[in-house]
Amino acid sequence: MIPRKCRLTQEARATGLINDKPGCQLAFMRSAQIDKSAQRRKVTNMDAAEISRAVATWTGWGRTTSPTRNDAVVVEEFGAARGTKLLALLRTLEEDFYTSNARIEAPDLASMGRQSSKEFRQRHPELEAEVATAFAWCYTFDFK
């Protein structure tokens, strides 16, 4: 639970503002960890094949020459209700994928993709390999 003195509005959180009062950054980090574990539980409750299809659809993997991250295509493919839930999950998974330091540590793009995928797969063994492959494609494209 985030202490009252540390709470930010929903809008402030969405823009990434951080409350710099003493002790608040730790409270926000703990809150983020709780949110991530809740997202992992949601992943296990969803169909891995559907998530894989949604990632490919959203990123453009296998259809476009560069990553697209097109929300409208996901909503069109899965419907408004399901698409919205999937998009929230996809953004969380992408954020988790991008925590990799492979862009700094790897000597080349191929190594960067392998390292970031491996790290993600270790954190999310419940997902299909195609999810990591699509995100690695985006990651290497963004950091080339």
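Which net charge results when you count Lys and Arg as +1 and Asp and Glu as -1 among the other residues whose beta-carbon is under 13 Å from that of Glu119? Intermediate results must be reported in sequence, preceding the final value.
Working: positive: Arg103, Arg114, Lys118, Arg121, Arg123; negative: Asp96, Glu105.
Net local charge, Glu119 excluded: +3.
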| Phi-based couplings in Hz for the stretch 49-58 (Karplus 6.51, -1.76, 1.60; Gly and Pro marked x) | 5, 5, 5, 4, 5, 5, 4, 4, 5, 5
| q = 0.19, 0.24 Å⁻¹, the stretch 47-144: log10 I(q)/I(0) [Debye, one scatterer per Cα] | -0.85, -1.26
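Around Ser66, what is the net charge, scoring Lys/Arg as +1 and Asp/Glu as -1 over all other residues with Cβ under 15 Å from its Cβ?
Summing Lys and Arg as +1 and Asp and Glu as -1 gives +2.
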| request: Sort 102-112, 126-136 for me by packing, meaning the mean count of neighbouring Cβ atoms within 10 Å per residue, highest on top. | output: 126-136, 102-112
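None of the figures in this text is laboratory data; all of them are computed from the coordinates on show. From a predicted model like this one, the values you see are computed outputs, not experimental measurements. All Cβ positions, glycine included, derive from the backbone under ideal geometry; neighbour counts span all protein chains shown.
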